[in-house]
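Novice: Before we start, here is the structure in question, set down as structure tokens.
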Amino acid sequence: RLQESRERLSVCSKLCYAVGGAPYQITGCALGFFLQIYLLDVAQLDPFYASIILFVGRAWDAVTDPMVGFFISKTPWTRFGRLMPWIIFSTPFAVISYFLIWFVPDISRGQVMWYLIFYCIFQTLVTCFHVPYSALTMFISREQSERDSATAYRMTVEVLGTVLGTAIQGQIVGKVVTPCIESPLFISKTNSSVDMEELNMTHDTGSLTDTRNAYMIAAGVIGGLYILCAVILSVGVRERRESSELQSDEPVSFFRGLKLVMNHGAYIKLIAGFLFTSLAFMLLEGNFALFCTYTLGFRNEFQNILLAIMLSATLTIPLWQWFLTRFGKKTAVYVGISSAIPFLIMVAVLDSNLIITYIVAVAAGISVAAAFLLPWSMLPDVIDDFKLQHPDSHGHEAIFFSFYVFFTKFTSGVSLGISTLSLDFAGYQTRGCSQPSEVNFTLKMLVSAVPVGLILLGLLLFKLYPIDEEKRRKNKKALQDLR
């Protein structure tokens, strides 16, 4: 009990630690929800090139995670710790590159390379922030209960970060009406005497320049929040070297450690389960703005619908923390993530109705909260299980976290690239006020049928995950004895 009291974290420390998770979620949410529609309708790129940018950027983001994990494992301890210097020095450069993603360069050629380069640079720098921050979970306390509590604080702030990302980006951009062009086919059906010159007239009043400026203002606000959160994290959290070390620790090479990690059954099964469920929500995230704008017809409401989802998720994080404490983490996975299925089906089957859409958005947010909280709450349990099986290996926490993120990001990059290509094949009209029926059908599949299938597959795979509540308690006791 005396040892546990020394390991307890103050509420202030937990809050400062939690705030560090906001930058990744704020920027990730803004990019996830808005980058696709920005590239297509504001930067006016061809859907094929937009799919290349989204795929290559996400794939590169995935590759950088194990690379950064490798370099972190080789980083010596300093007076600030081993992880904190990565967070501090990457922040200013990440903010600059993030702003340039939302800037439309005044060049006739090279726009694709502009977005591709700065998207990849930002993903590299934000990885240099997030991988060490994720691994920091294992260096703030040795107590499972304290780490779980800090993770709950972190997930609450991270989901709040998604709310901020959605609110800042959505509300600033939503104040400006993005001009669109009526389809010639639609005009010919409604008024055959329309002159061809009128095809170039925008459907809504508003300037494309105003829309571009709104995106840059939102990027500036989000960049300021990124810096503020990094400062609070670096000042308020102390990285404890002893929190992750056992009495018998000896250094082990990175590649041997990587082999040990990838051969750890509990880790592979956890990744397999959450890979598909995370992919389902990422696919929904990437296409939801287009779905609301074109399929549902809520061009001026989609940012508020997104905000409803994220507010619901934020408010229910404490509920899921209580639920997993009371009934166990595996039970929370089945109940929390599967609850999204009927609502995903409902939004695609029912006719377009704004009230029903808001109800579905609030209900879906409850499931989003579970999908946010549970993977990060369960990874430390897997690491503890690994340490018991390999007590002579240490310093591999970053490998566990970075490779989990690697697999999730890489598959999400593939899915987003394929989904944008699917829209191209379906006949997506850049800046169109409406889209062909084939595009609307494709969007329904991308936000309903495909995510439901991925969730069901992930839950089936999760049946193989071996660490239940009894196993977790035994591991805690064994680790205390080993230390």
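The values are calculated or read from the model by the stated rules, or taken from the named source; none is laboratory data. On a predicted model such as this, the values are computed, not experimentally measured, just so you know. Every residue, glycine as well, gets a Cβ built from its backbone with ideal geometry; the counts of neighbours run over all protein chains shown. All accessible areas refer to the heavy atoms of the entire protein, side chains included, with ligands and DNA or RNA removed. Shrake-Rupley method; radii C 1.70, N 1.55, O 1.52, S 1.80 Å.
Novice: Would you mind calculating the relative contact order of region 307-368 from Cα pairs under 8 angstrom and at least 6 residues apart, reporting the percent as a whole number? Walk me through the intermediate numbers first.
Specialist: On the way: 48 pairs, mean separation 35.1, N = 62.
Relative contact order of region 307-368: 57 percent.
Novice: What number in nm² do you get for region 253-482 if you take the convex hull of its Cα atoms and divide its surface by four? Each step should come with its number before you reach the end.
Specialist: Details: hull surface 54.5 nm².
Computing the convex hull of the Cα atoms and averaging its projections yields 13.6 nm².
Novice: Evaluate the relative contact order of the chain (contact order divided by residue number), counting alpha-carbon pairs under 8 angstrom at least 6 apart; express in whole percent. Mind dumping the intermediate values first?
Specialist: Numbers: 731 pairs, mean separation 136.7, N = 483.
The value is 28 percent.
Novice: Per-residue ellipticity at 222 nm for the chain, helices alone: DSSP H runs ≥ 4 residues times -39500 (n - 2.57), over residue total, nearest 500 deg cm²/dmol? Don't jump to the answer; show the numbers that get you there.
Specialist: Working: 19 runs with 353 residues, N = 483.
Value at 222 nm, helices only, nearest 500: -25000 deg cm²/dmol.
Novice: Once you put a point 7 Å from the Cα of residue 335 and another 7 Å from the Cα of residue 75, both along the Cβ direction, what distance in nm separates them?
Specialist: 3.8 nm
Novice: Pop out the ³J(HN,Hα) list for region 438-446 in order, Karplus 6.51 cos²θ - 1.76 cosθ + 1.60 with θ = phi - 60°, rounded to Hz; leave Gly and Pro as x.
Specialist: 5, 5, 4, 5, 4, 5, 4, 5, 6
Novice: Hey, what did region 325-483 get for relative contact order, percent, Cα under 8 Å, at least 6 apart?
Specialist: Answer for region 325-483 is 35 percent.
Novice: Let's test the formula: R0 of 30 Å, r as the Cβ-Cβ distance of residue 322 and residue 238. What FRET efficiency results, to the nearest 0.05? Present the calculation step by step, with values, prior to reporting the outcome.
Specialist: On the way: r = 28 Å, r/R0 = 0.94.
So the FRET efficiency works out to roughly 0.60.
Novice: Can I ask one more? For region 391-478, what does the convex hull of the Cα positions come to per residue, in cubic angstrom? Can you show the working numbers first?
Specialist: Details: hull volume 12.7 nm³, N = 88.
Per residue, the Cα convex hull of region 391-478 comes to 145 Å³.
Novice: Can you give the direction-averaged projected area of the convex hull of the alpha-carbon atoms in the chain, in nm²?
Specialist: 22.2 nm²
Novice: Based on the mean of other beta carbon atoms within 10 Å per residue, what is the order of 345-352, 83-90, most packed first? Working shown, then result.
Specialist: Details: 345-352: 14.4, 83-90: 19.4.
Descending packing order for the listed peptides: 83-90, 345-352.
Novice: Let me ask something else about it. Let me check something: with ligands and nucleic acids excluded, how do 471, 477, 409 order by accessible area (1.4 Å probe), largest to smallest?
Specialist: Numbers: 471 80, 477 110, 409 10 Å².
Correct descending sequence by accessible area is 477, 471, 409.
Novice: If Lys and Arg each add +1 and Asp and Glu each add -1, what is the summed charge of the other residues whose beta carbon sits under 11 Å from the beta carbon of residue 463? Show your work: numbers first, answer last.
Specialist: Values: positive: 269, 330; negative: none.
Around residue 463, the charge tally is +2.
Novice: How much length would be gained if the chain were fully extended between residue 473 and residue 388, taking 0.36 nm per residue of separation minus their Cα-Cα distance, in nm to one decimal?
Specialist: Working: separation 85, 0.36 × 85 = 30.60 nm, distance 1.28 nm.
Value of the extension gain: 29.3 nm.
Novice: Then there is this: Out of the total accessible area of the chain (probe 1.4 Å, heavy atoms of protein only), what percent is carbon and sulfur?
Specialist: Working: 12890 of 19730 Å².
Solvent-exposed carbon and sulfur of the chain make up 65 percent of the total.
Novice: Would you mind classifying region 1-76 by shape? Square roots of the alpha carbon gyration tensor eigenvalues, ordered a ≥ b ≥ c; an a/c under 1.5 is rounded, otherwise it is prolate if a/b is larger than b/c and oblate if not.
Specialist: Values: a/c = 5.26, a/b = 2.08, b/c = 2.53.
In terms of gyration-tensor shape, oblate.
Novice: Taking the Cα atoms only, what angle lies between the long axis of helix 354-389 and the longest principal axis of the chain, rounded to 10 degrees?
Specialist: Once rounded, one gets 30 degrees.
Novice: Compute the angle between helix 111-135 and the longest alpha-carbon principal axis of the chain, please, reported from 0 to 90 degrees and rounded to the nearest 10.
Specialist: 30 degrees
Novice: Another question, then. Please give the peptides 385-391, 75-81, 98-104 ranked by average Cβ packing (other Cβ atoms within 10 Å per residue), highest first, as a rough proxy for protection.
Specialist: Details: 385-391: 18.1, 75-81: 11.7, 98-104: 20.6.
In descending order of packing, they fall as 98-104, 385-391, 75-81.
Novice: Rounded, prolate or oblate: which fits region 315-436 when a ≥ b ≥ c are the square roots of the eigenvalues of the alpha-carbon gyration tensor, with rounded for a/c under 1.5 and prolate only if a/b beats b/c?
Specialist: Because a/c hits 1.5 or more and a/b fails to exceed b/c, region 315-436 counts as oblate.
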